[in-house]
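Presented below is the structure to which this report refers.
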């Protein structure tokens, strides 16, 4: 099973003094696309005024440009620890034991805009780039990433897709790969926003703690039922609903 997670705009600073190793990231076939985006971000950072406009930064966020300028030399940390926010707070990677973290390293990919999907334990630096950005000298990210990412995912036996629509567009799961997309809803079927991220983080944590062998939607539903997780088939093909209670 491959779990595809969205990134987060907020990130933890710092890390080990070990520079980005593009060749060492998961899905190594994406190295040329990764190199191109990193080069474009570094070049963009040479002109802070243009970078601010392209990246949609406020005056208080101008320090993000320096993060992009230092992409190749900045400290790195495991992607699962780098990201913060509602989903990653609920996943609480720091609170997982080593077996759970290793399982995430083998099964979870976090879909970043500059690096594409990276392994949960792949070391990455702080960066600033959203899925909808268009970098000077580079095709729109959707055109740049879509076909290469789909090809890189083609050997997966089963995909649990927890990404937002913007990141699904950057790399659709090939039609040949069994996959399910998860939507978070209330008991009445109403879709949720804030609770959406928290519920997905809690789902991934439960998977990492129990480390099931899941290769189909039916196996995933069986696992969820045994754990008391309200996961059910939706009306659309390949879609599951994760039912949560709201306060």
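The values are calculated or read from the model by the stated rules, or taken from the named source; none is laboratory data. A quick note: this is a predicted structure, and the numbers were derived from the prediction, not measured. Don't worry about glycine lacking a Cβ; one is built from the backbone with ideal geometry, like all the others, and counts go over all protein chains shown.
Considering only residues of the range 35-52 that are touching a helix residue (DSSP H, G or I) at 6+ places or on another chain (Cβ under 9 Å), in contact (Cβ under 8 Å) with a residue 60 or more places away in the chain and buried (at least 16 other Cβ atoms within 10 Å of the Cβ), which is farthest from residue 180 (Cα to Cα)?
44
Among 163, 128, which is the only one that is at pLDDT 95 or above, over 21 Å from residue 23 (Cβ atoms) and touching a strand residue (DSSP E or B) at 6+ places or on another chain (Cβ under 7 Å)?
163
So residue 241 passes all but one of these: (1) more than 27 Å from residue 94 (Cα to Cα); (2) under 17 Å from the mean Cα position of the chain (by Cα); (3) surrounded by 17 or more Cβ atoms within 10 Å (Cβ to Cβ). Which condition number does it fail?
Among (1) more than 27 Å from residue 94 (Cα to Cα); (2) under 17 Å from the mean Cα position of the chain (by Cα); (3) surrounded by 17 or more Cβ atoms within 10 Å (Cβ to Cβ), the lone unmet condition for residue 241 is (2).
Checking the condition out of contact with any helix residue (DSSP H, G or I) (no Cβ under 9 Å at 6 or more places or on another chain), farther than 16 Å from residue 33 by Cα and surrounded by 14 or more Cβ atoms within 10 Å (Cβ to Cβ), which residue from 126, 182, 168, 173 passes? Break it down stepwise before answering.
Values: 126 fails: out of contact with any helix residue (DSSP H, G or I) (no Cβ under 9 Å at 6 or more places or on another chain); 182 fails: out of contact with any helix residue (DSSP H, G or I) (no Cβ under 9 Å at 6 or more places or on another chain); 173 fails: out of contact with any helix residue (DSSP H, G or I) (no Cβ under 9 Å at 6 or more places or on another chain).
Of the residues listed, the single one that is out of contact with any helix residue (DSSP H, G or I) (no Cβ under 9 Å at 6 or more places or on another chain), farther than 16 Å from residue 33 by Cα and surrounded by 14 or more Cβ atoms within 10 Å (Cβ to Cβ) is 168.
When you scan the range 71-91, how many residues do you find that are part of a helix (DSSP H, G or I) and under 24 Å from residue 36 (Cα atoms)? Write out each step before concluding.
Narrowing the range 71-91 to residues part of a helix (DSSP H, G or I): 79-82, 86-91.
Add one more test, that the residue is under 24 Å from residue 36 (Cα atoms), and what stays is 79-80, 82.
Summing the residues that are part of a helix (DSSP H, G or I) and under 24 Å from residue 36 (Cα atoms) in the range 71-91 gives 3.
Please enumerate the residues belonging to the range 9-34 that are under 23 Å from residue 197 (Cβ atoms), in contact with a strand residue (DSSP E or B) (Cβ under 8 Å, 6 or more places away or on another chain) and surrounded by fewer than 18 Cβ atoms within 10 Å (Cβ to Cβ).
10, 12
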